[in-house]
Each structure stands twice: as structure tokens, then as C-alpha cells.
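Structure first, then comments.
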Amino acid sequence: THQYRTPLAVIRTCITAIRYATPVEDSANRRRISQIEAAVQRLVEMMDISLHRSRIGGNVVEANRREVEIVPTSSALLQRFRELHLERRINVSFEGLEPSERLMLDTDMAAIAIGNLIDNAAKFSPSSTAIEVRVSRVGARVHIEVCDEGRGIPEGEIGKVGQRYFRASNS
């Protein structure tokens, strides 16, 4: 972990110094600094999750599920991604769910998966368009969809999406 934490500590220290040197009225750069801080925090959280799970299970990743309320948990996760992508509109809708409805969820792994989808949507779609996130009940399941207006994955490559380290030819 030392190999990861040392560079992250340097980044955090530099960002703190830049924040102190940035005039209060420079809201654009202060917003960028906040985005960097949120991104570093997300990286630290993902690293901690990965390291913790690799120590416990070796190469086998087991879900660490617990019962959570769907709407508040999803809202909190999505708020973190809004903070990382302040320049993007991220719209969220809940369909067919009661506010107190619960499910078993590994929130850490869900955050990584949803974060990857939102990051890709932000990266590969026009900045003037919104990213739509829909959380809905479909029978006994809860679906989370991330929709954007990006170029998408070539039709002939869609079957490869689940493969480790796959990148579409147009990425």
C-alpha cells in the first residue's frame, strides 16, 4: 500500500497548497480543486476496497452484501459522482421504487461499477449532453442504467464487453 499511498499523499499535499494560494473569488479553479480532491478520495476508497478484499480472499472476490435502502443509498452514491463531474449534468430518476424499499447490495462494488459507467459516459459523450441514471424495479430485481449520447460500442464488439481488459476499437 505504501507504493500507492505515497504518491496520493503528495497529490493531496500539493492540492491543499494550491487551494490556500487560490484566491477565494477564483471559483472556477476552486471548483477544479474540489474535483481533484474528490477524485483522489475515490481512488483511495477503491484502493482500500481492492487491497482489503485481496488480503481476505486472494484471487476470489466475494460480495460483501448488506441490506440497504435503495433510494437513499443510490442517491448518496450518485452524489459522489456528481462531485467528480461538476461540469456535467447527471440526472437521476427512480421508477417503481418506494423510498424505504430495501435490497441486499455490496455498496463498494456497486460504487466502482456505477462510477466506471458514469466516467465512461462523461468521457465519450458530448459535454453539452446530460448523463441519465435510472434506478428501477423490474420484477424482483433492481436495474441501474447509465445512458448517454456517446458513440457507443461497435455492434460487433458488444459481446466482448464482459472480457477482462477489453477496450472498444473506437475508444
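Structure values in brief
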{"quantity": "Residues satisfying the stated conditions in region 109-129, i.e. part of a helix (DSSP H, G or I) and either among the aromatic types (Phe, Trp, Tyr) or open to solvent by 60 Å² or more (accessible area, probe 1.4 Å) (or both)", "calculated": "Met109, Asn116, Leu117, Asn120, Lys123, Phe124"}
{"quantity": "Breaking point among (1) touching a His at 6+ places or on another chain (Cβ under 6 Å); (2) exposed (fewer than 10 other Cβ atoms within 10 Å of the Cβ); (3) among the hydrophobic types (A, V, I, L, M, F, W, C), for Ala140", "calculated": "(1)"}
{"quantity": "Those residues of region 146-171 which are open to solvent by less than 80 Å² (accessible area, probe 1.4 Å) and under 19 Å from Leu78 (Cβ atoms), in sequence order", "calculated": "Val146, Cys147, Asp148, Gly150"}
{"quantity": "Hits in region 62-86 (condition: open to solvent by 80 Å² or more (accessible area, probe 1.4 Å), touching a residue at least 12 places away in the same chain (Cβ under 8 Å) and over 13 Å from Ala111 (Cα atoms))", "calculated": "Arg66, Glu67, Glu83"}
{"quantity": "Flag for Ala38 being over 30 Å from Met109 (Cβ atoms) and either assigned to a helix (DSSP H, G or I) or open to solvent by less than 60 Å² (accessible area, probe 1.4 Å) (or both)", "calculated": "no"}
{"quantity": "Residue check for Thr16: over 30 Å from Ser128 (Cα atoms), of a type outside the set (Gly, Ala, Ser) and at pLDDT below 80", "calculated": "no"}
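The values are calculated or read from the model by the stated rules, or taken from the named source; none is laboratory data. Every value quoted in this text rests on a predicted model; they were computed, and no experiment measured them. When we count neighbours, we look across all protein chains shown, and the Cβ atoms used for this are built from the backbone with ideal geometry, even at glycine. Each accessible area value is taken on the protein alone, full model and side chains, heavy atoms only, with ligands, DNA and RNA left out. Shrake-Rupley method; radii C 1.70, N 1.55, O 1.52, S 1.80 Å.
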